[in-house]
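Below is one structure, written out as structure tokens, with a few remarks after it.
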Protein chains: 2
Amino acid sequence: MLQTPAYAAADGASPLAPFTIERREPRAHEVLIDILYCGVCHSDIHQARDEWGGNGIFPMVPGHEIVGRVVQIGDRVNKFKVGDAVGVGCFVDSCRVCPQCKSGEEQLCDQGMTATYNSRERDSKAPTYGGYSTRITVDEDYVLRIPESIPLDRAAPLLCAGITTYSPLKYYGVKAGDALAVVGLGGLGHMAVKIAVAMGAKVTVLSTSQNKRDDALALGAHAFAATREAATFKTLAGTFDFILDTVSAPHDYNAYLSLLKANGTMILVGIPDQPAPVAAGVLIMRRRKLVGSLIGGIRETQEMLDFCAAHGIASDIELIDIAQINGAYVRMIKGDVKYRFVIDTASLNAAG
Amino acid sequence: MLQTPAYAAADGASPLAPFTIERREPRAHEVLIDILYCGVCHSDIHQARDEWGGNGIFPMVPGHEIVGRVVQIGDRVNKFKVGDAVGVGCFVDSCRVCPQCKSGEEQLCDQGMTATYNSRERDSKAPTYGGYSTRITVDEDYVLRIPESIPLDRAAPLLCAGITTYSPLKYYGVKAGDALAVVGLGGLGHMAVKIAVAMGAKVTVLSTSQNKRDDALALGAHAFAATREAATFKTLAGTFDFILDTVSAPHDYNAYLSLLKANGTMILVGIPDQPAPVAAGVLIMRRRKLVGSLIGGIRETQEMLDFCAAHGIASDIELIDIAQINGAYVRMIKGDVKYRFVIDTASLNAAG
């Protein structure tokens, strides 16, 4: 086993601190990856603080926006070679036999995907540890190829924030010329704007106040509206083909649904901690849809990475050392980051 | 103008009583229809009692499940001739120029369809009067052809209950072999079972108690489960591709959504008087959809009638005289009808 520096939460009440984990030598179909960068997702905070049902697996090493280079491969690996730039996203395994796994939608595995961290290996039941560490061993079927034209640090958030927004735009059929509202301009929202604009959609950012107007337009959005201004919901009523809602704070779904045209679709990718009331009539009278989407499968994640490379898209990031992680969490909770913190994992060798 | 016997509610607090309305001689593109039968929809009660926002137009002649025969045609009518068996559903006009009207989805008209009753003509702003009357004048583009193989009295409910259930099954892509749950076994639910079975779906009826088990199976359903039994939501979790929810009483959408497989769709056609809480996670984690559907367009309504004729499908009805209408409303509110009251409008000539 390979002794590997990491940062872990000892329990839901403790800050992240230096920790050592073991990574295995790659088995026949596995690759060993030297992690260079790891994005910091808001779900890292929820899980490290054990806010999702209190069944977190501790010590917990978060991180599922992993980018690095292959340093060793198993005997039967044929997709990657040593030196390749690669990524690992939200999951590292799945059942491989259910209808979704067979159709390349492993994120919807009937038996539950094996998450990159805070989960258990399918065979050994050993805990999985994420990307706040310097290396990871993963089956090649769950590894992505990072196009070399994307700066590797700015590629990391594509593995979660990128695919979470790309997948529903594709799956629900957003096409050139469609009017799309992106609700919320954080890690997910800023990727949604870039990707949707590249797809040719007419993108309006909806955010609570006017504060983010300039940033939204700078990211490529065609329009902006502040949702705290009452006129917004009148002016924009019935004007969108799609709404991509990235907000995980409570908000009024019915008000947003009313902004959809007939046959329009509102896509949820943020999970508020309380259910929100939905009026059947708002859906029925204009044949609207309220739908969910969860990250994306491996095949589609690769497609997204290639799409981003082709369109010159990467995440806007703030690169940090691992020692800054607890402060970064505090800033993220305040929404104070443009738009994703990414850990330079070289700093892990110096830490601890 | 043609003096025409009808039954009307004088206001939201009054029972239905004899009333005389005027129907116009058919204009160039219109047909005059002798009404033979009119189905009694639950929405007739809501509107006659002014329970939808208090802006009902009175006196009100309800009825939007109309079947009759053409007795006179305008100069330029080319779709129908005198003697044809025809139907009129929930609307008699629409803007004809918006994207939905142009694509044959007139029920979703951006300017609002002209409802068959409790609405206003687009030109004169005169109130529209429905099928609790002996004749009606309608533009041929909003008239359906009733296949002669369907008994005309049993065809009437197809114009609302039939299309309301057929349209979403088609639009959302229910296909042979799909597992479909029909929630509620009333006027809509019993049509949903017949149509979905004819489409080849594997149909399970979900109803509060075991009372309707035998009826559901007799209608062709393959399975039945009682939703008041706690085991139902465990046993059936994650088993349906589609749920068609016909219930307009408050119920827990999240519980039903949990019965969907990954990528499953729950279709609402009933409108409870209160919004219901929806948990984003239930939609997101399995990429589920909660969607609405509203009757159907003219082209699709014709398709549904032809489908019903081809599959020997008609509504199960109780034929009543108009004098029984107020008692029928009382029984409908108790759910005491299998499955639709239909007025024999010949009784209107004797009434009043």
ask   = Karplus couplings for region A:261-274 from phi (6.51 cos²θ - 1.76 cosθ + 1.60, θ = phi - 60°), rounded to Hz, Gly and Pro as x?
value = 5, 4, 6, x, 10, 9, 9, 9, 10, x, 10, x, 7, 10
note = Charge dipole of region A:162-292 built from unit charges on the beta carbon (Lys, Arg +1; Asp, Glu -1), centred at mean Cα; most positive-end Cα among A:Ser248, A:Gln274, A:Ala262 is A:Ala262
inquiry  = Taking B:Val330 in one copy and the same position in all the others, each labelled 7 Å out along Cα→Cβ, what are the pairwise distances from the first, in nm, shortest first?
reply    = 7.1
task = Tell me the label-point distance for the pair B:Asn349, B:Ile333, using the 7 Å Cα-to-Cβ offset, in nm and rounded to one decimal.
result = 3.3 nm
Selection of chymotrypsin sites (Phe, Trp or Tyr not before Pro), region A:252-352, meeting DSSP coil and at most 13 other Cβ within 10 Å = none
task = Treat every Asp and Glu Cβ in region A:162-292 as -1 and every Lys and Arg Cβ as +1, leave all other atoms uncharged, and give the resulting dipole magnitude about the Cα centre to the nearest 20 debye.
result = 400 debye
request  = May I ask for the Rg/Rh ratio of region A:141-231, computed from Cα atoms with Rh as the Kirkwood radius, given to two decimals?
outcome  = 1.01
task = Report the dimensions of chain B along its three principal axes from the alpha-carbon atoms, largest first, rounded to Å.
result = 61, 40, 37
Relative contact order for region A:162-292, counting Cα pairs under 8 Å that sit 6 or more residues apart, in percent = 21 percent
request  = For region A:162-174, take each phi angle, set θ = phi - 60°, evaluate the Karplus expression 6.51 cos²θ - 1.76 cosθ + 1.60, and give the result in whole Hz per residue in order, putting x for glycine and proline.
outcome  = x, 6, 4, 9, 5, 4, x, 4, 6, 4, 8, x, 5
ask   = Per residue, how much accessible area does region A:160-231 show when a 1.4 Å probe rolls over the protein heavy atoms, in square angstrom?
value = 34 Å²
message = Out of the trypsin sites (Lys or Arg not before Pro) in region A:1-77, which ones are loop residues according to DSSP with at most 10 other C-beta atoms within 10 Å?
response = A:Arg76
ask   = Taking θ as phi - 60°, what are the ³J(HN,Hα) couplings along region B:100-113 by the Karplus curve (6.51, -1.76, 1.60), each to the nearest whole Hz, with x for Gly and Pro?
value = 5, 4, 5, 9, x, 10, 4, 5, 9, 3, 4, 8, x, 5
request  = Could you work out the mean count of beta carbons from other protein chains within 10 Å of each residue's beta carbon in B:107-118?
outcome  = 1
note = In whole percent, the fraction of accessible protein surface over chain B that belongs to carbon or sulfur atoms, probe radius 1.4 Å, stands at 51 percent
query = trypsin sites (Lys or Arg not before Pro), restricted to region B:138-229: which are DSSP loop and have at most 16 other Cβ atoms within 10 Å?
reply = B:Lys175, B:Arg228
note = Here FRET efficiency (C-beta to C-beta, A:Asp11 to A:Ala176, R₀ 56 Å, nearest 0.05) is 0.70
Rounded, prolate or oblate (a/c below 1.5 giving rounded, otherwise prolate when a/b exceeds b/c) for region A:162-292 by Cα gyration tensor = rounded
ask   = Do you know the relative contact order of region A:229-330, to the nearest whole percent, from alpha carbon pairs under 8 angstrom that are 6+ apart?
value = 22 percent
Extreme residue, positive dipole direction of chain A, given options A:Pro157, A:Val337, A:Val203 (C-beta unit charges) = A:Val203
request  = Using only the Cα atoms of region B:158-207, build the gyration tensor, take square roots of its eigenvalues as a ≥ b ≥ c, and label the shape rounded, prolate or oblate: rounded if a/c is under 1.5, else prolate if a/b is larger than b/c, else oblate.
outcome  = oblate
remark   = Extension length gain for A:Ser149 and A:Lys79 (0.36 nm per residue less Cα distance), in nm, is 23.3 nm
query = For chain A, what does -39500 (n - 2.57) per DSSP helix run (n ≥ 4), summed and divided by total residues, give at 222 nm, in deg cm²/dmol to the nearest 500?
reply = -6500 deg cm²/dmol
ask   = Under a GNM of chain A (C-alpha, springs under 10 Å), which listed residue has the highest mean-square fluctuation: A:Asp316, A:Asp84, A:Asp123?
value = A:Asp123
query = What number, in percent, do you get for the relative contact order of chain A if the mean sequence gap of Cα pairs under 8 Å and at least 6 apart is divided by its residue count?
reply = 18 percent
query = Looking at the P(r) of the protein assembly as shown, how many percent of alpha-carbon pairs lie beyond 51 Å?
reply = 23 percent
query = Where nothing but the Cβ of Lys and Arg (+1) and of Asp and Glu (-1) is charged, how large is the charge dipole of chain A around its Cα centre, in debye to the nearest 20?
reply = 1000 debye
task = Find every distance from the label point of A:Lys175 to the corresponding label point in the other copies (7 Å from Cα along Cα→Cβ) and write them in nm, one decimal, shortest first.
result = 1.9
note = Label points for B:Arg27 built 7 Å along Cα→Cβ; distances to same position in the other copies, nm, shortest first, come to 7.6
remark   = chain A, Gaussian network, Cα under 10 Å: of A:Thr232, A:Thr128, A:Thr164, the residue fluctuating most is A:Thr232
request  = Using only atoms on other chains, find how many Cβ atoms lie within 10 Å of each Cβ of peptide B:261-272 and report the average.
outcome  = 4
note = By the Cα gyration tensor axes a ≥ b ≥ c (a/c under 1.5 gives rounded; else a/b larger than b/c gives prolate, otherwise oblate), the shape of region A:83-140 is oblate
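Given A:Lys81/B:Lys261; A:Lys125/B:Lys289; B:Lys261/B:Lys338; A:Lys170/B:Lys175; B:Lys81/B:Lys175, which pairs have Cα atoms separated by over 27 Å?
Over 27 Å apart, Cα to Cα: A:Lys81/B:Lys261; A:Lys125/B:Lys289; B:Lys261/B:Lys338; B:Lys81/B:Lys175.
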query = Which of A:Ile136, A:Ile271, A:Ile322 moves the most in a Gaussian network model of chain A with Cα springs under 10 Å?
reply = A:Ile271
query = In region B:216-352, how does Rg compare with the Kirkwood Rh, expressed as the Rg/Rh ratio over alpha carbon atoms?
reply = 1.04
Dipole axis of the protein assembly as shown (+1 Lys, Arg; -1 Asp, Glu on Cβ), positive-most option in A:Tyr166, A:Gly56, A:His42 = A:Tyr166
task = Counting only DSSP beta bridges with both residues in chain A, tell me the antiparallel percent, nearest 5.
result = 55 percent
remark   = On protein heavy atoms with a 1.4 Å probe, the accessible surface that disappears when A meets B, both sides summed and given to 100 Å², is 2900 Å²
query = For region B:62-165, what percent of Cα pairs sit more than 20 Å apart?
reply = 39 percent
query = How large is the charge dipole for the protein assembly as shown, taken about the Cα centre, if only the Cβ atoms of Lys, Arg (+1) and Asp, Glu (-1) carry charge, to the nearest 20 debye?
reply = 320 debye
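The values are calculated or read from the model by the stated rules, or taken from the named source; none is laboratory data. Here the structure is a predicted model, which means the values were calculated and not measured. Neighbour counts run over all protein chains shown; Cβ positions are idealised from the backbone, glycine included. Quick note on the areas: whole protein, heavy atoms, side chains included, nothing else; ligands and nucleic acids left out. Shrake-Rupley method; radii C 1.70, N 1.55, O 1.52, S 1.80 Å.
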